[in-house]
1. Taking every Cα atom in the stretch 142-208, find the radius of gyration and the maximum pairwise distance Dmax, and write them in Å.
2. Which value, in Å to one decimal place, does the Kirkwood hydrodynamic radius take for the stretch 246-385 when every pair of different Cα atoms is included?
3. How are the Cα pair distances of the stretch 17-164 distributed, in percent, across 5 Å bins from 0?
4. Averaging over all projection directions, find the projected area of the Cα convex hull of the chain and quote it in nm² with one decimal place.
5. How large is the Rg to Rh ratio of the stretch 111-183 when both quantities use alpha carbon positions and Rh follows Kirkwood?
6. Sort D66, D195, D185 by Cβ crowding within 10 Å, fewest neighbours at the top.
7. Only bridges whose two residues both fall in the chain count here: according to DSSP, what percent of them are antiparallel, nearest 5?
8. Could you give the spread of the C-alpha atoms of the stretch 4-100 along their three principal axes, from largest to smallest, in whole angstroms?
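Where a number appears in this text, it was derived from the coordinates with a stated rule and is not lab data. Only a predicted model underlies this, so the values are computations on that prediction, with no experimental measurement involved. Neighbour counts are summed over all protein chains in view; Cβ atoms, including those assigned to glycine, are modelled from backbone coordinates with ideal geometry.
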Amino acid sequence: MKHPASLPEKAFVSHAPGYWLGSNVPEADWNSSAWQLKNRITSLAHLEQHLSLTREERAGVLLSGDKLALAITPHYFNLIDKDDPDCPIRRQVVPRIEETLDDPAEMTDPCGEDSHMPVPGLVHRYPDRVLFLVTDRCASYCRYCTRSRVVSGAGEQELHTEFEAAYRYLEQHTEIRDVLLSGGDPLLFSDAKLDAILTRLRSIPHIEFVRIGSRVPIFLPQRITPELCQMLQKHHPLFLSIHTNHPRELTTEVRAGLERLANHGVPLGNQSVLLKGVNDDPEVMKSLVHKLLMCRVRPYYLYQCDLIKGSSHLRTSVKKGLEIIESLRGHTTGYAVPQFVIDAPGGGGKVPVNPDYVLQHAPHRTLIRNFEHRTFEYPEPSQAALPTNEPTFHP
């Protein structure tokens, strides 16, 4: 049987327990989220049992541990091509020495969350919505994590969310209609604990809907049980944003979990981060967005990688992101085209960035181009009053 990493990226590949280093893991254990978490790779010795590390990787594991902990679930680890040091899955979760390099452009808190935190754990940056950081733990740790300062317990800060103070703040600020649960990963909570948080938020009349940001459906699809989905269904309208960067991450187990969520009425969106050597290729990105739609997930955002410390080896140019959007727009369904955004460094919020489709404005006409680079004039209202000196555009 072929290893998942050797199969076409467009294929949905099953993760039979036998892929775990050829060991005979009982199917009941493999399909248990508790077993997956217990058997995560969390140390250099454990990692080297499974993978021949490059010099850069071994040094990264040894020297970057005080920045962000190492953790990889067996499910996700099985996607790594052990013979390819540039494997796109490997680059996301295996530390490298580049994480220790000092780049003056990089920041500890690139999105400026700490400066917009009126209550510990609650970020209020946009007028009508808040980010609620409910935990500092994840199933696996992405090496480009924007919140590496607080996530995993290894960084320079600790997350001390004051839940009751946060609820009081939400009750007092009636302009808030949208709460995003994140962290860390909220889906690591037990069903009962997550249910209690959602119930408390739902008791606040002006909160219209709740979102959850999670990579658990990708790292730990075994967590997406019928019981979890039934609990989430009680709290509609509730949205879930997943984080998928590469088509190989969408296995049959992941697809089953996402379909289970969708069948319980949870609208699904995906947020990708543009990463060098992972998805900075038009064909890879097209394969990803097409597979997402097959999983009933709408590609939502493509993020320019934040200026988090230690991420220079994974960041691409903004131009590369624009090229990828250009390669999608008009060449596939609009449902498959995410919005490319930059989270403005220092706390400016998400700024949409698009290729230049508007070529020129005039009072009564706008010149636009399409995906084939053909130009068109669009007449603005009150065309009858067009002055004789109005410029005429020539394609």
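1. 13.8, 38
2. Values: mean 1/r = 0.0586 Å⁻¹.
Averaging 1/r across every pair of different Cα atoms and inverting gives 17.1 Å.
3. 2, 9, 16, 19, 16, 14, 11, 8, 5, 1, 0
4. On the way: hull surface 89.9 nm².
The orientation-averaged projected area of the Cα hull of the chain comes to 22.5 nm².
5. On the way: Rg = 12.5 Å, Rh = 12.8 Å.
So for the stretch 111-183, dividing Rg by the Kirkwood Rh gives 0.98.
6. Working: D66 10, D195 16, D185 25.
Least to most surrounded, the residues fall as D66, D195, D185.
7. Percent antiparallel among DSSP bridges in the chain is about 40.
8. Principal axes ranked by extent give 38, 30, 19 Å for the Cα atoms.
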